[in-house]
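Heads up: the structure comes next, in structure tokens.
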Amino acid sequence: MKMNLTTTFKKHRESYLLMLPYMLFFILFTILPVILSIALGFTYFNMIEPPRFIGWYNYIRMFLDDDVFIIAVKNTLLFAFVTGPIGYFLSFLVAWMINDMSRTMRSVATTIFYLPAIAGASVYPMWFLIFSPDEYGYVNSFLIKYGFINNPIAWLLDPKYMIAVLIFIQLWMSLGISFLAFIAGLQTIDRSLYEAGMMDGIKNRFQELWYITLPSMIPQLVFGVVMQIITAFSVGDVSINLAGFPSTEYKAETMVTHLMDYGSIRYEMGYASAIAVVLFLMMVLSNRLATKLLGKVGT
């Protein structure tokens, strides 16, 4: 076994050398932080005193004594199970629809649909204007004009409406990296497969989609699942920038904003690390479930 590893390394040493810088950065900035977070989750650490081991106290406190954390979990799961699947479906649907366009039209359409994702924080002022709490906001102005409401609604401040509005905005921004992966995957499918499918009895586009397109781009679909899950569970910026930090009655709190509260404001790094570990486990479990379901596509 040792001889085989040595022979393999010598045979592919140029490849391993090229991978070395990436692997070093991956270990230093991904693997090591995860390990440190797991370790710090069992400590009290305020960044002034050395970490002090306290066992499972942070996790017990999290689930039994932190009401805001429970709100954050509920909101995070709501974002994940609404924006995740819908955003994933929309990403693939739009990619599939524009795939048969000419190269120029496809490039223009891809840029248009991907623009909300790359615009990021720069579009938040636009959403403030649209959902402004006074009568000059576009939504309030429209609803008052046509008699749906009598008084303006504070869409981003009222706990009854803020989550629904934030989910809507997050969906608008959901055509991200997975969308580009789907475009690339659709372009790499061998066209002869569709011709062979027609000869074998495939009669319409939806049969092509199920029996040829989806099975032919499983790697891109899996990559899209991973990226969509990460995006859905990592919602934080949209809440902070539009609903405030903290939001009214913590009604728009997510696990990311809760983590930032304890990590960057209260400097309770042990507790923040425990929150990060729980969020990481939720992402991993969701990813395993989604990829397992995706493995049944086309079977």
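The values are calculated or read from the model by the stated rules, or taken from the named source; none is laboratory data. Keep in mind that this is a model prediction, so the values were computed, not measured. Here the Cβ positions follow ideal geometry from the backbone for every residue, glycine too, while neighbour counts run over all protein chains shown.
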Test for Ser192: is it closer than 17 Å to Val235 by Cα and among the polar types (S, T, N, Q): no
Give the residues of region 168-197 that are crowded, with 17+ Cβ neighbours inside 10 Å, polar (S, T, N, Q) and in a helix (DSSP H, G or I), sorted by residue number. Gln170, Ser178
Which of (1) farther than 14 Å from Ala243 by Cα; (2) modelled with pLDDT under 90 does Phe128 not meet, given it meets every other one? (1)
Provide a single number: the residues in region 119-147 that are of a type outside the set (Ser, Thr, Tyr) and assigned to a loop (DSSP other than H, G, I, E, B). 6
Taking the stated definitions as given, is Gly55 of a type in the set (Gly, Ala, Ser), under 22 Å from the mean Cα position of the chain (by Cα) and either crowded, with 19+ Cβ neighbours inside 10 Å or farther than 21 Å from Ile163 by Cα (or both)? no
Take Phe42 and tell me if it is closer than 30 Å to Phe168 by Cβ and either of a type outside the set (D, E, K, R) or more than 22 Å from the chain's Cα centre (by Cα) (or both). no
Flagged in region 261-284 as out of contact with any Ser or Thr (no Cβ under 6 Å at 6 or more places or on another chain) and either within 13 Å of Thr76 (Cβ to Cβ) or modelled with pLDDT under 85 (or both), in numbering order, are Ile275, Val278, Leu279, Phe280, Leu281, Met282, Met283
Output for region 148-163, where each listed residue is in a loop (DSSP other than H, G, I, E, B) and within 24 Å of Gly236 (Cβ to Cβ): Ala154, Trp155, Leu156, Leu157, Asp158, Pro159, Lys160, Tyr161
Qualifying helices (runs of 4 or more DSSP H) (wholly inside region 198-299; at least 1 residues being under 29 Å from Ile153 (Cβ atoms)): 218-233, 237-243, 255-260
Have a look at Ile48, Ile35 and point out the one that is modelled with pLDDT under 90, farther than 30 Å from Met162 by Cα and of a type in the set (A, V, I, L, M, F, W, C). Ile48
Near pairs, Cβ below 8 angstrom, 6+ apart or cross-chain, from region 1-26 (modelled with pLDDT under 75) to any residue that is assigned to a helix (DSSP H, G or I) and among the aromatic types (Phe, Trp, Tyr): Phe9/Tyr16
Consider Ile48 against the criteria (1) surrounded by 16 or more Cβ atoms within 10 Å (Cβ to Cβ); (2) part of a loop (DSSP other than H, G, I, E, B): it satisfies all of them except one. Which criterion is unmet? (1)
What are the pairs with Cβ atoms under 6 angstrom where one residue, in region 146-162, is among the acidic types (Asp, Glu) and the other, located anywhere, is loosely packed, with under 10 Cβ neighbours inside 10 Å and not in a loop (DSSP other than H, G, I, E, B)? Sequence gap at least six, or different chains. none
Only residues in region 255-266 that are more than 13 Å from Asp237 (Cβ to Cβ) count as the first member; pair them with residues that are outside any helix (DSSP H, G or I), Cβ under 8 angstrom, at least 6 apart or cross-chain, and list the lot. Asp261/Phe245; Asp261/Pro246; Tyr262/Glu268
